Amino acid sequence: MKVTIIAGARPNFMKIAPIIHAIEAAKRNGNNISYRLVHTGQHYDQKLSGSFFDELNIPTPDVNLECGSGSHAQQTAQIMIKFEQELQENPCDYVLVVGDVNSTMACSIVAKKLHTQVIHVEAGLRSFDLSMPEEINRMVTDAITDIFFTTSELAGKNLEKAGIGADRIFFVGNTMIDTLIANLDKLRRPDCFDQQGLEQSNYWVMTLHRPANVDEAQKLLDLLNLISKNAGTKPIIFPVHPRTAKTLNSMGALPGNIILTDPLPYLEFMYLVHYAAAAITDSGGIQEETTYLGIPCITLRENTERPETVEIGTNILCGFDPELMEKAFEDLNSGKWKKGVIPDLWDGKAAERIVEVILACA
Ligand code: UD1
């Protein structure tokens, strides 16, 4: 059985790594399964792409479609055109896509139109906010997926409400958490830790890259001022995504306790999260990683497609509401943060379960 695995953007890489390793293990055990790894090139910088392959032991892709950046339509179209040719030249039984980036949607459409079965890992997540491109990507991908792997029971319910038969939905856990668990003892202290004199549990780590937070300079500056004021003397380490860098470059000086760094490799970034007092983010994955690690997480979004991180985890949503943010910072600074629990099946074995199901489907 041949599976073509798609990876395109940073959050995909930690999700595919354990699946590749589980397929390799199944193959070594005599199962008839092989994979071809296709990188769409949506992310292309070493810091957003190559470093993840090196650190997570992901083999060099069989092909890089080098689609690169562009508007949504340009990027999606480019990926579709190039992946159509790739799949025609290298047919397979299944195309496996992960997450919700443009590469996920583009490749699933191409696969389905070439009558190839689509597997979606991290299916069924819904923010119900169609102003986010990722929500459109999730809905379109799930509308044409054949086999759905989910990270939560709720994701399965979302799919069933959309008319998907329960026999095609498999609640397997979270491959991003598989990667975190597999690498917990390999986390590496980044240079900035000592350079900035950081102390365990006495700094915050922050990531912001959603267009709604970072595309308008004044809005971003207001946000950074508010966060900085509430941090007091605590340093805030802020690895900057290229989209955010564009806006920051057009702004004046930032508050002194905000320390900018380049995007960090996975093992260094997760070290920072692991030992932080809290994370402030608009990312999807970091909401999950902090819940697993039990680190307080303040999410600067009005909704989340990962509600379990709020309901049972350590995450709260503050939207863009300064009052909610002030209240969250107050709770954080006075040590009143809720204790979370780890969601079901976030146990490091999701990828093994995925490969078992794929083998059983053959
Ligand atoms: C994409 C995903 C988002 C994910 C994020 C993680 C979509 C719709 N969005 O957003 O869900 O959370 O990745 O990073 O798929 N750029 C570089 N170097 C690169 C890649 C991009 O400098 O290697 C710059 C380009 O100027 C580009 C911009 O970043 O225009 C945005 O990149 P893009 O892939 O379009 O979206 P992200 O904001 O990264």
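When a footprinting reagent is the concern and you count Cβ atoms within 10 Å, what order do 69, 103 take, fewest first? Spell out each step's value before the answer.
Values: 69 13, 103 29.
Listing 69, 103 from fewest to most nearby Cβ atoms yields 69, 103.
To the nearest 20 Debye, how big is the dipole of the chain about its Cα centre, given +1 on the beta carbon of each Lys and Arg and -1 on that of each Asp and Glu?
On the way: 32 positive and 46 negative charges, 32 e Å.
Using Cβ point charges on Lys, Arg, Asp and Glu, the chain gives about 160 debye.
Run the helix sum for the chain: -39,500 (n - 2.57) per DSSP H stretch of 4+ residues, divided by residue count, reported at 222 nm to the nearest 500 deg cm²/dmol.
Computed mean residue ellipticity for the chain: -13000 deg cm²/dmol.
Give me, ordered by chain and number, the residues 5 or more places off residue 202 or on other chains with an amide H under 5 Å from its own placed amide H.
Amide H neighbours of residue 202, under 5 Å, 5+ apart: 277.
Roughly what would the spin-label model give for residue 66 and residue 139, points 7 Å off Cα along C-beta, in nm?
Here the modelled spin labels are 3.6 nm apart.
How far apart, in nm, are the 7 Å Cα→Cβ label points at residue 362 and residue 29?
Result for the modelled spin labels: 1.2 nm.
With θ set to phi - 60° and the Karplus curve 6.51 cos²θ - 1.76 cosθ + 1.60, what are the ³J(HN,Hα) couplings of the range 107-113 in order, to the nearest whole Hz, using x for Gly and Pro?
Working through the residues one at a time gives 6, 5, 5, 4, 4, 4, 6 Hz.
Determine which lysines satisfy two conditions relative to residue 246: a Cα distance under 18 Å, and not lying fewer than 8 residues away in the same chain.
Cross-link targets: 47, 219.
Calculate how steeply helix 72-89 sits against the longest principal axis of the alpha-carbon atoms of the chain, using the helix alpha-carbon long axis, and give the answer as 0 to 90 degrees to the nearest 10.
30
Below 8 Å between Cα atoms, with a sequence gap of 6+, how large is the relative contact order for the range 174-319 in percent? Don't skip to the end; give the middle numbers.
Details: 230 pairs, mean separation 37.5, N = 146.
Once divided by the residue count of the range 174-319, the mean separation gives 26 percent.
Around residue 207, which amide H atoms from residues at least 5 apart in sequence, or from another chain, sit under 5 Å from its own amide H, with H modelled in the peptide plane?
280, 281, 282
How long, wide and thick is the range 45-192, going by the Cα atoms along their three principal axes, in whole angstroms, largest first?
49, 36, 33 Å, listed from the longest principal axis down.
Ignoring trypsin sites (Lys or Arg not before Pro) that are buried or in helix or strand per DSSP, and keeping those with at most 13 other beta carbon atoms within 10 Å, what is the longest stretch of the chain between them? If you can, show how the numbers build up before the last one.
On the way: sites that count: 336, 338, 339.
Free of exposed loop sites, the longest segment is 1-335.
Using only the Cα atoms, work out Rg/Rh for the chain, with Rh taken as the Kirkwood radius, to two decimals. Kindly include the intermediate steps, with their values, before the conclusion.
Values: Rg = 20.0 Å, Rh = 20.9 Å.
In the chain, Rg relative to Rh is 0.96.
Restricting things to alpha carbons, find the Rg to Rh ratio for the range 182-270 using the Kirkwood radius for Rh. Before the final figure, lay out the partial values.
Values: Rg = 13.6 Å, Rh = 13.9 Å.
So for the range 182-270, dividing Rg by the Kirkwood Rh gives 0.98.
In what order do 49, 201 fall by count of nearby beta-carbon atoms within 10 Å, going from fewest to most? All intermediate terms of the calculation are to be shown ahead of the outcome.
Details: 49 21, 201 11.
The fewest-first ordering by Cβ neighbours comes to 201, 49.
Give me P(r) over the range 203-362, computed from all C-alpha to C-alpha distances, binned every 5 Å, as integer percentages.
2, 9, 17, 21, 20, 14, 7, 5, 3, 2, 1, 0
Can you work out ³J(HN,Hα) from phi for every residue in the range 290-302, in order, using Karplus 6.51 cos²θ - 1.76 cosθ + 1.60 and θ = phi - 60°, giving whole Hz and x for Gly and Pro?
Karplus values, whole Hz, x for Gly and Pro: 5, 4, 4, 7, x, 9, x, 10, 10, 9, 8, 9, 7.
If you filter the range 121-217 for GluC sites (Glu not before Pro), then keep DSSP loop positions with at most 13 other Cβ within 10 Å, what is left? Let's see the in-between values first.
Working: sites: 122, 134, 135, 153, 160, 199, 216; in loops: 122, 199, 216.
Loop-located and lightly packed - 199, 216.
Quick one: length gained pulling residue 195 to residue 45 fully straight, 0.36 nm per residue minus the C-alpha distance? Please list the in-between numbers first.
Details: separation 150, 0.36 × 150 = 54.00 nm, distance 2.46 nm.
Answer, rounded to one decimal: 51.5 nm.
With springs connecting C-alpha atoms under 10 Å apart, model the chain as a Gaussian network and identify which of 208, 254, 96 has the largest mean-square fluctuation.
So, out of 208, 254, 96, the one fluctuating most is 254.
At a Cα cut-off below 17 Å, give the aspartates and glutamates reachable from residue 234, other chains included and same-chain residues fewer than 8 away excluded.
Correct list for residue 234: 194, 199, 326, 330, 331.
How large is ³J(HN,Hα), in whole Hz, for each residue of the range 195-204 in order, when computed from phi with the Karplus curve 6.51 cos²θ - 1.76 cosθ + 1.60 and θ = phi - 60°, using x for Gly and Pro?
4, 8, x, 5, 10, 3, 6, 10, 8, 10
Enter the Cα centre distance for the pair the range 115-156 and the range 217-238, rounded to the nearest angstrom.
So the separation of the two Cα centres works out to 34 Å.
For residue 2, give me every one of the lysines with a C-alpha distance below 20 angstrom, ignoring sequence neighbours fewer than eight places off in its own chain.
15, 27, 82, 112, 113
Taking every DSSP beta bridge that has both residues in the chain, what percent is antiparallel when rounded to the nearest 5?
Working: 0 of 38 bridges.
In the chain, approximately 0 percent of DSSP beta bridges are antiparallel ones.
Where a number appears in this text, it was derived from the coordinates with a stated rule and is not lab data. All values reported here derive from a predicted model rather than from experimental measurement. Reconstructed Cβ throughout: ideal geometry from the backbone, glycine too, with neighbour counts over all protein chains shown.
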